[in-house]
Amino acid sequence: MTLLNATAAAHLHTPDVSTSSPNNADPGSAVGSHPDAWGSRLGFILATIGSAAGIGNIWRFSYVAGENGGGAFLLIYFFAVVLVGLPLVLAELTVGRAAHRDAVGAYSTLAPGTRWHLVGAIAVFAAFLILAYYAVVAGWALKYFVGAVDGSLWASAGEGYGGFFARFIARPYEPVIWQGIMVAVTVIVVMRGVRRGIEFANKILMPLLALLVLALAVWGLFQPGAGEGLAFLFAPDWSALRRSDVYLAAMGQAFFSLGVGMSIFVTYGGYLRGKQQLGKAAGAIVLGDTAIAILAGVAIFTTVFAFGHNPAAGPQLAFITLPQIFLSIPAGKIIGPLFFALLVAGAITSMVSILEVPVAFFVRRLRMRRSVVAPAVGFAMFVVGVPASLGFGVWESIAWQGRGILDTMDFVASNILLPLGGVAVAVFVGWRWTWRRNVPAAQIDGRWLNTIWLWLLRLVAPALILAIMIHAATTL
């Protein structure tokens, strides 16, 4: 997930049951269940969709699709979601629900006496690193939302919005402040626990996010020239399918936008009680995540083409190109705040899920209340993210292999840590965990569906993920 996207723990220490026999238990039972759990299936589904649907779907999906041929990219993206994303989401949910533990504890419980717990440890570290720089971009979105509401964004029209962004990002303190505000909001939600914090917030933010992206997409459809934007997004340029970079970009976006490899779904699955058909839940998660990405693409590309701008503008599409468009249209000062509100809402739902991964681990490991752990972990993430925030300004000269601080952190997390986590989950559920254990835990109807799922995990998903990693290694 590059700038992605990206989960829930107990109020108090949960007794360690790694010496118990979870493999003999009903996979839907409350064996080892946390004192905190989802209040409803709807809350669980909304939270898991919210964990995946973030800035990566709205901002990154659009500019990556724009840079890689639109419709051709989207076609490959669909296949990657089905062949890689869906099997891995289901695998992580299955591990979490079977163990009722955090990222590290789940593997310790299901494979005691082995080193499989290192998969969870990698996920915790990846989540920590990702949120550190994800909060920086989330802070940019909040800055733009406030600027669109109070008019300071529109007042910069004379100098161009590139100047507005450059001036903001070059200040030694302002980007850090906005980053800190987004971290603080995230910590407050996670501190309140699963039901009163994460689930409650997602029940508000996810419908709001869906309404905003739908409203913006409908508005875009009525703009003159919107047909060109739809053609760009949905009519493939078949010649683009001869470019290997398009395949890799689409697979990377599908894999990382869902947030698999970070143990978000392991952690969220650990809070399930009673029976839940995880196959249907995983399908709903992937469908919701993809729908939000496509609707955001419709909203952005219809608008970009209607006003004659470049769909391949890259990362500046949301922060420079779109503000120019918003100011040039009669309803722009209404549409602009709605768009940046969409970015902020998506950022919060993803940040909450990412923070929950290490918080859940430390709550169990340190046997401390989440009201203490969440602020401590959040502050540590904030401190680690400060260099990324300043890397576009006062620390701009610091670079590695041509990448700035934020891009370097993103490269390590997205091209090394998350793929490693994804491959490890696929191997664990597909090969290490026996059929007798993982199939009942997933509760998928139909033996043939189970067979397809397992072989996608055993062969297809690892092969495609390794292709991404090999490609990333060639860019070092």
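Got a sec? Which of Arg101, Arg97 is over 18 Å from the mean Cα position of the chain (by Cα), part of a loop (DSSP other than H, G, I, E, B), closer than 25 Å to Val194 by Cβ and at pLDDT 85 or above?
Sole residue among the options that is over 18 Å from the mean Cα position of the chain (by Cα), part of a loop (DSSP other than H, G, I, E, B), closer than 25 Å to Val194 by Cβ and at pLDDT 85 or above: Arg101.
What do you reckon, is Val183 surrounded by fewer than 15 Cβ atoms within 10 Å (Cβ to Cβ) and either in contact with a Phe, Trp or Tyr (Cβ under 7 Å, 6 or more places away or on another chain) or β-branched (Val, Ile, Thr) (or both)?
Judged against the criteria, Val183 is not a match.
Can you tell me how many residues within region 402-436 are among the aromatic types (Phe, Trp, Tyr), modelled with pLDDT of 85 or more and surrounded by fewer than 19 Cβ atoms within 10 Å (Cβ to Cβ)?
1
For region 52-81, give me each residue that is small (Gly, Ala, Ser) and not in a helix (DSSP H, G or I).
Ala53, Gly54, Gly69, Gly70
For the list (1) assigned to a helix (DSSP H, G or I); (2) more than 25 Å from Thr290 (Cβ to Cβ), I need the number of the one condition that Gly229 fails.
Among (1) assigned to a helix (DSSP H, G or I); (2) more than 25 Å from Thr290 (Cβ to Cβ), the lone unmet condition for Gly229 is (2).
Residues that are over 26 Å from Leu418 (Cα atoms), assigned to a loop (DSSP other than H, G, I, E, B) and out of contact with any Leu (no Cβ under 7 Å at 6 or more places or on another chain): does region 241-249 have at least one?
No - not one qualifying residue is present in region 241-249.
Have a look at Val189, Val194 and point out the one that is at negative phi, in contact with a helix residue (DSSP H, G or I) (Cβ under 6 Å, 6 or more places away or on another chain) and of a type in the set (A, V, I, L, M, F, W, C).
Details: Val194 fails: in contact with a helix residue (DSSP H, G or I) (Cβ under 6 Å, 6 or more places away or on another chain).
Just one listed residue meets the conditions, Val189.
Quick test for you: out of Gly113, Gly69, Gly139, pick the one residue that is surrounded by fewer than 23 Cβ atoms within 10 Å (Cβ to Cβ) and either on the phi > 0 side of the Ramachandran plot or in contact with a Gly (Cβ under 8 Å, 6 or more places away or on another chain) (or both).
Every option except Gly113 fails the conditions.
Give the residues of region 119-161 that are more than 23 Å from Val352 (Cα to Cα) and part of a helix (DSSP H, G or I), sorted by residue number.
Selection gives Gly147, Ala148, Val149, Asp150, Trp154, Ala155, Ser156, Ala157, Gly158, Glu159, Tyr161.
Residues checked against (1) more than 26 Å from the chain's Cα centre (by Cα); (2) at positive phi; (3) at pLDDT 85 or above:
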| residue | (1), (2), (3) |
| --- | --- |
| Leu221 | yes, no, yes |
| Ser239 | yes, no, no |
| Val246 | no, no, no |
| Phe255 | no, no, no |
| Ile264 | no, no, yes |
| Thr267 | no, no, yes |
| Leu272 | no, no, yes |
| Gln277 | no, no, no |
| Ala281 | no, no, yes |
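Specify which of the listed residues (Tyr77, Tyr63) is aromatic (Phe, Trp, Tyr), under 30 Å from Gly229 (Cα atoms), buried (at least 24 other Cβ atoms within 10 Å of the Cβ) and modelled with pLDDT of 50 or more.
Only one candidate qualifies: Tyr77.
Which residue out of Ala170, Ala201, Ala166, Ala148 is surrounded by 20 or more Cβ atoms within 10 Å (Cβ to Cβ), farther than 30 Å from Arg369 by Cα and not acidic (Asp, Glu)? Spell out the reasoning first.
Values: Ala170 fails: surrounded by 20 or more Cβ atoms within 10 Å (Cβ to Cβ); Ala201 fails: farther than 30 Å from Arg369 by Cα; Ala166 fails: surrounded by 20 or more Cβ atoms within 10 Å (Cβ to Cβ).
Going through Ala170, Ala201, Ala166, Ala148 in turn, the sole match is Ala148.
Return the only residue of Phe301, Phe307, Phe382, Phe362 being at pLDDT 90 or above, surrounded by 16 or more Cβ atoms within 10 Å (Cβ to Cβ) and over 20 Å from the mean Cα position of the chain (by Cα).
Residue meeting the stated conditions: Phe362.
The values are calculated or read from the model by the stated rules, or taken from the named source; none is laboratory data. None of these values were measured; they are calculated from a predicted model. Cβ coordinates were reconstructed from backbone atoms using ideal geometry, including for glycine residues, and neighbour counts include every protein chain displayed.
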